[in-house]
Structure formats: C-alpha cells, structure tokens
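The values are calculated or read from the model by the stated rules, or taken from the named source; none is laboratory data. Predicted model, so just to flag it, every value in this text is computed and none were measured. Methodologically, a virtual Cβ is constructed for each residue, glycine included, from the backbone with ideal geometry; neighbour enumeration extends over all protein chains shown.
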Amino acid sequence: MSGAVASDGFFRRLVLPGLAFKAVVIGGGYATGREIAEFFVGSGQMGGLLGLLLAMAIWSIVCAVTFEFARQVQATDYRGFFAELLGPGWIAFEIAYVLFMILVIAVIAAAAGEIGTALFAWPTWIGTALLLGLIIAVVSRGTAAAERLFRYSSVLIYAVYALFLILALAAFGDQIGGKLAASTPGAGWVAGGVTYASYNVIGAALILPFLRHQSSRRDALYSGLLAGPLAMLPALGFFLSMIAFTPEIGEAALPSDFLLTRIGVPWFGFVFQAMIFVALLETGIGMVNALEERADAAVRSRGATLPATARIALSAAIVIGSGVLASKLGLIDLIASGYGVFGWIMLFLFVVPLLTLGTYRIITRPLEIAST
C-alpha cells in the first residue's frame, strides 16, 4: 500500500503538471496538425523539426520557472501569479488571456464540428455542440474532475499517436526518410518555434491549480522540465509523419485527415479522429477551468464560495460564445489570423517578464525559505 501511495504521489507531483500542460496546449497546438502546418511546414523538413525542438525547450524552461515562481509567491491561479509578476499590469494579461481563450475554444469547436462531419456525416453544429457540452459538464465539477480526466485521457492520446507514427512509417516511411535526409533548415524556423512556443506556453500559467500536490523547489523544477517533452512528443511524431507530403500538406484544413486517408486503415481513422476529439476536450477543459478557478479564488477572498450554478453559467457563457465565433470563421482563418498575434503578446506579457524579473526573484530568494 505504501508503495502505491508513493507512486501516486510521484505522479501527482512530477507527471500530472506535464499532462495538464499537454492538455491545455494539444487542442490549440497540434491535435489536427493544422497548427504545425501553419508554423513549421514552410521551414522545410529539417527546419520544421528544429523549430519544434526549439519550442519544446522553451516550454520546459518556462514551465520550470513558472512552477517555482508560483510556489514561492503561493499563487494558485493565474491572477495571483501575474499580480506578483506584473503588479497592476496583471489586468493586461487577463484581457489578453480571455481573448485568447475565446480564440482557442473557437478553433477546437470548429475542429470538433469537422470531425463529426468526417466520421458520421453530421452537420458541423452537432460535433461542436457535443464538445462544448462536455466541457461545461466536466469544468462545472472543478479541478479534481479535470485531474481524473487528464490521467486517463493521456493514456489514450499517447497510445494513439504512437500507433499513428508506426502505421505512417509502414505506409510511407521511405518518403519520410528520403525527404528528411535531403533537407536543410529553411528560413524562419527560429521565428516559427519561438512564436509557436509563445502562444502555447500560456498553458504554464493556466495549470497552477494542478500544482497543489507539490511541496519543494525540486518538485517544481523537475516537473517543469518534464512538461516540455510530455507536451511535445505527440507533435514530433505527427510532424515526422507529415514530412512525406510536404509542402502540399500545408494547404490541408485537417492534415490529420489528409494523412489518415493515405495510411489507408479505415478502423484506425475512426480511432484517431475520436482521440483528437478527446484532445480537443482536454484543451477546452484546461482553459475554462483556469478562468473558473480564478473566479473562485476572487469569491473566496471575500469570504464566500462560487456555487455550482455559477460555475455552470460561467463556463456555458464562454464556450457558447466561442462556438458562435467558430461558426462564423473557418479553421484555417482562425489559426492564421489569431495565433501569431497572441504569440507575440504572450512573449512580452509573460515569457520576457518571467525569464527576467521572475528568474531574478527566484535566484535572490534564500533557498531555505524557497524550499519549505
């Protein structure tokens, strides 16, 4: 029994934060492959791979510093975190975050609609409505419910991406190896990696409620460094599969569907699309939960609690409004017009202050105080 408890403690302290970070970034970051195509295909095969590895390194560093800074200032939600990091400027982050959250939920809602159409020939609104309804149902139950979902959904996601890469290598691995061997890094891979990392790394600040099991600097730093690989491994496998059909795959609305057609295993196509739906669900839950935990903290600071009906109403307002936006704009337009802008906004509101002011405060704070 004690071994099982220790193992679960290890998971909650060091692995769960990375799974939560993966959950927040996967839906808006690479679940359908559209985002990878937007930021990396144009840099060529080797350039795209280097850009993804650069983004992974940035994620690990920023997550590690974020987790430790949050632990030191005892921030359990993003509002408390940015009040310490930016002072009165925290409101600028919140405005940017709410707008970004609406954009991401609109993107995943549009993708869910397209998945429903591809699998069952549904009208797009049915897939969108199903996703948004499930987000509301889970988020209304709080962070503990999200933790349970992330634990089990992550097993499905990693297993399906691994099988996807295996089937892709079997079907067109010779094309992947040939193109990668002949490739040299193209222009823009550094900018692509930095921009992609910057708009996704906001997830490090959104998953602070999932750090409640940590108790030391080592927990924070180790889990942060592990978060980058945990979040990026499926994307790396996805990009390797895409290499066989670059650059034409860059024009596909759903690169995942493009590749599944060429893999030619019908039953796996169904499994993969269902997994993408779960990944989109993870992201929606992670982003909306962050806002609800922030609202709950504000209410608790006044000596009250946020009732379940209020949690349901808040999440419903967010996801339904975002779903309306998704119905007005296409998936490619949403990604191309919105993500790049927010990447630069988050770079200056979050990454730069964190790696300068935040790092300085961590280094100058006595270790014996920080590690208690």
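Computed values, structure above
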item	result
Any hit, segment 123-130, residues being aromatic (Phe, Trp, Tyr), surrounded by fewer than 24 Cβ atoms within 10 Å (Cβ to Cβ), over 19 Å from the mean Cα position of the chain (by Cα) and more than 28 Å from THR305 (Cβ to Cβ)	yes
Residues located in segment 22-54, provided they are at pLDDT 90 or above, touching a Ser or Thr at 6+ places or on another chain (Cβ under 9 Å) and under 18 Å from GLY224 (Cβ atoms)	LYS22, ALA23, VAL24, VAL25, ILE26
Hits in segment 286-310 (condition: in a helix (DSSP H, G or I) and over 22 Å from the mean Cα position of the chain (by Cα))	ASP296, ALA297, ALA298, VAL299, ARG300, ALA308, THR309, ALA310
Residues located in segment 143-154, provided they are hydrophobic (A, V, I, L, M, F, W, C) and either more than 13 Å from GLY18 (Cα to Cα) or in contact with a Phe, Trp or Tyr (Cβ under 7 Å, 6 or more places away or on another chain) (or both)	ALA144, ALA145, ALA146, LEU149
Helices (runs of 4 or more DSSP H) contained in segment 1-92 and holding at least 1 residues in contact (Cβ under 8 Å) with a residue 24 or more places away in the chain and more than 15 Å from the chain's Cα centre (by Cα)	2-10, 34-40, 44-73, 78-86
Unique residue being surrounded by fewer than 24 Cβ atoms within 10 Å (Cβ to Cβ) and of a type in the set (Ser, Thr, Tyr) when the list is THR66, THR76	THR76
Positions within segment 107-157 being outside any helix (DSSP H, G or I) and not hydrophobic (A, V, I, L, M, F, W, C), in sequence order	PRO123, SER140, ARG141, GLY142
Considering residues of segment 166-194 that are surrounded by fewer than 18 Cβ atoms within 10 Å (Cβ to Cβ) and touching a Gly at 6+ places or on another chain (Cβ under 6 Å) only, the residue modelled with the highest pLDDT	PRO185
Residue, nearest to PHE40 (Cα to Cα), within segment 323-360, restricted to residues that are at pLDDT 90 or above and surrounded by 16 or more Cβ atoms within 10 Å (Cβ to Cβ)	VAL351
Any hit, segment 161-169, residues being among the small types (Gly, Ala, Ser), within 30 Å of VAL271 (Cα to Cα) and free of Cβ contacts under 8 Å to residues at least 40 places away in the same chain	no
Where a residue in segment 100-119 is surrounded by fewer than 22 Cβ atoms within 10 Å (Cβ to Cβ) and its partner, wherever it lies, is assigned to a helix (DSSP H, G or I) and of a type in the set (Asp, Glu), with Cβ under 7 Å and at least six apart	ALA118/ASP257
